[in-house]
1. Which ³J(HN,Hα) values, rounded to whole Hz and listed in residue order, are derived for the stretch 166-172 from phi using the Karplus coefficients 6.51, -1.76 and 1.60 in 6.51 cos²θ - 1.76 cosθ + 1.60 with θ = phi - 60°, glycine and proline given as x?
2. Out of the total accessible area of the chain (probe 1.4 Å, heavy atoms of protein only), what percent is carbon and sulfur?
3. Obtain the nm distance between the two label points defined at Lys157 and Phe91 by a simple spin-label model: each point lies 7 Å from its Cα along the Cα-to-C-beta direction.
4. What is the calculated FRET efficiency for Ile281 to His192, with r their C-beta to C-beta distance and R₀ = 35 Å, to the nearest 0.05?
5. Going down the table (Lys95/Lys136; Lys136/Lys186; Lys112/Lys318; Lys112/Lys347; Lys112/Lys157; Lys95/Lys157), which pairs top 26 Å between alpha carbons?
6. Return the Cα extents of the stretch 93-173 along principal axes one, two and three, sorted largest first, each rounded to a whole Å.
7. For Ile9 and Lys347, what is the calculated FRET efficiency with R₀ set at 25 Å and r taken between the beta-carbons, to the nearest 0.05?
8. Before rounding to the nearest 500, sum -39500 (n - 2.57) across all DSSP H runs of length at least 4 in the chain and divide by the residue total; then give [θ] at 222 nm in deg cm²/dmol.
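The values are calculated or read from the model by the stated rules, or taken from the named source; none is laboratory data. It should be emphasised that the depicted structure is a prediction, and the values quoted were computed from it without experimental measurement. Every residue, glycine as well, gets a Cβ built from its backbone with ideal geometry; the counts of neighbours run over all protein chains shown. Side chains are part of the model used for accessible areas, which takes the heavy atoms of the whole protein and leaves out ligands, DNA and RNA. Shrake-Rupley method; radii C 1.70, N 1.55, O 1.52, S 1.80 Å.
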Amino acid sequence: MEKWLIQSIWIAVFGFLKEFRPGDPYIIQYLTNPPMNFTNQEVNQEIFPVSTYTSLGITIIMFLITDYLYYKPIVVLSALSSFTVQILLIFTRSKTDMMVMEVFYGTMTACKVAYFTYVYSKVDKEYYKTVSSHMKMACLLGRLFSALLAQTLIDNKILTVYYLNHLTLAGATASVFWAFGLPSIKSSIYFHQSSEHTYIKDNTDVKVSKPKTVCQRLWSDFIMAFTNRYVLQWSVWWALGTCIYYQCMAYFQSLWQEIYRNGTDLQVANNGLVEAICTIISTLGVYLIGIITIPSWWLIGTLTFSQGLLLLIMAQEKLLSHAYVGYIMFGTFYHIMATAANCEVAKNIPADSYALVFGVNTFMSLLLQTCLTVVVNSPIGLMLDIRTQFYVYSGGCLIVGALFTVGALCSTYNTMKKPRIFTTLN
């Protein structure tokens with residue numbers, strides 16, 4: 001087996017272990033029932049927002065430290081943060097403890113950049129696309145397996161929601177040991193470049209010296225990426241779409257609890273099954289988008305607008321089954337669009353710039369999510385109830401979807417107009 005493939009599989013196994021979290025589909029049930037007994041208001045407005053603020057505060061710093069420390073220490077930090085989250089969830093009970101837990105959860109989220117860029121320093125550029133698919137697939141498989149396991153254990157009354165967190169702790173413990181066993185990195189993209197990174201090739205195959213200092217290299221890559229109008233447009237959607245997606249994902253379970261309390265058609269204990277179905281369909285959607293040619297702007301515009309309609313329906317829904325279907329469709333649409341965005345951006349920037357663009361776009365999405373959280377959830381904001389929050393998220397999706405659909409119309413019109421102009425001139 002080739003060395004690059006072994007390295008890809010090695011880091012992909014870590015991705016599987018870090019996403020093995022059987023307790024996540026039931027986290028709201030765990031926090032709002034014995035032995036925790038927090039109210040929905042405390043969870044939504046005081047506990048959950050802490051992870052968003054933490055992620056925002058350390059994402060860019062984490063990106064630079066990741067490169068400076070050769071990636072592996074930050075991957076280990078991600079695993080240790082996940083381990084600490086589960087320890088606090090299982091063995092502590094106060095609101096302050098849960099807020100500290102969210103600090104570690106936010107740290108774990110910010111460390112994702114290390115997972116997705118670590119392998120780029122271990123393999124040649126020609127394998128970037130392949131190893132990227134390995135890492136994403138490993139994460140999806142981890143989510144799928146843990147969701148199916150959780151649902152099976154709950155349905156057969158083998159374990160309660162409380163003990164699902166012990167399984168998540170076992171996965172987090174395994175990820176810590178696996179992270180320590182990852183191969184060390186001898187060079188990085190910016191701070192510790194190898195000799196082969198000292199030069200880049202332009203379109204004429206002439207070697208051109210890169211800027212020498214780290215700041216110059218960062219600024220050069222930043223300017224090269226974000227002065228490209230096409231990359232900038234995709235990055236705008238990346239930030240907006242990811243912001244709304246993660247904000248909704250953080251509060252979907254609270255919406256389900258609200259629907260369930262008012263009387264509905266299903267038990268809220270089906271969360272694990274719904275998460276598994278969402279993962280399977282999302283994986284299929286991501287695969288199909290790679291082999292079916294669809295105009296990108298139309299895809300983004302129509303699916304984002306459709307997400308807005310789904311959120312609008314779910315905000316007033318009384319049947320849990322309908323809310324579950326909406327959740328599956330919402331998640332699938334996002335993963336399809338995110339895959340398209342990643343591919344379009346990656347095709348139009350140098351390979352070495354991808355980690356930087358990923359970090360900047362992630363930071364912008366967290367900045368927007370923090371602003372949104374402050375407005376709708378925090379004591380200094382509006383402190384909206386859960387259904388009203390989803391009306392706000394729906395409005396955001398509808399506006400973004402409408403803007404990109406108009407952009408798609410303009411792009412299509414200009415494309416159709418060009419041949420006519422050419423014919424007239426001739």
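1. 5, 5, 4, 4, 4, x, 5
2. Carbon with sulfur: 68 percent of the solvent-accessible area.
3. It is 3.2 nm.
4. For R0 = 35 Å, the calculated efficiency reads 0.25.
5. Pairs exceeding 26 Å: Lys95/Lys136; Lys112/Lys318; Lys112/Lys157; Lys95/Lys157.
6. 48, 34, 15
7. 0.50
8. -25500 deg cm²/dmol
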